[in-house]
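Have a look at the structure below before the remarks.
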């Protein structure tokens, strides 16, 4: 089967699953172009434009998107473990060593690393949270000085701890570059606006147009395990589509973004 044919079948599976989850009969669904699908809905021609948020990659490699998701997962667990040990609220920034290439990822993370790294980060913050100092920096030099007590994983580049009693709760964040965070409303807005460019063309054959953003199982859905749905649903997304939906295939969850 050609890659193009396989992609078409997967798109239809996504849309059919979405319609079934919304209790919409998919019997009249037609796979088309501009938009990708057309279906009769409440006496109108409904067009559905399909967009995978994350394109499948070779499963042998960990793609950068997945690496960022794993870092977020490490920090969520580290914060939880820290809160179990300490009542002091802190703002923590963790700088991870950067992944270099697809083929040879020197500092790559995998799911089995999450517990180890979260344990180390939570312990380092707990034992180095000095209330007498508003800011504490733990870097490679410091890690080397305590190597007899704890061997800090080489993928942890630095940890900055901010102490302030006014913080309502502890927050563990990773140092980010200039890229838009994957698990963020800004990332979704960027995807939506990119698709908006052809909406006028779609109305030539349809009465209503929906945009369906799909997170496919076994590719990058784990990033969306980390989503705070309130953060995404409270965002006012801009779009010329009549409605915009985010659909996660693994949990069959639908978020109406517009």
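Applying a 10 Å radius around every beta-carbon, put 199-205, 2-8, 76-82 in order of their mean neighbour count, most first. Can you show the working numbers first?
Numbers: 199-205: 13.9, 2-8: 9.7, 76-82: 19.3.
Final packing ranking: 76-82, 199-205, 2-8.
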Peptides 144-152, 16-24 ordered by average Cβ neighbours within 10 Å, highest first | 16-24, 144-152
Any chance you could run the full-extension gain for residue 32 through residue 207? It's 0.36 nm times the residue separation minus the Cα-Cα distance, nm to one decimal.
-> 61.5 nm
Would you please put 243-252, 134-143 in order of how densely packed they are, using the mean number of other Cβ atoms within 10 angstrom per residue and starting with the highest?
-> 243-252, 134-143
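Where a number appears in this text, it was derived from the coordinates with a stated rule and is not lab data. Here the structure is a predicted model, which means the values were calculated and not measured. In this analysis, Cβ positions are derived from the backbone assuming ideal geometry, glycine residues included, and neighbour counts consider all displayed protein chains.
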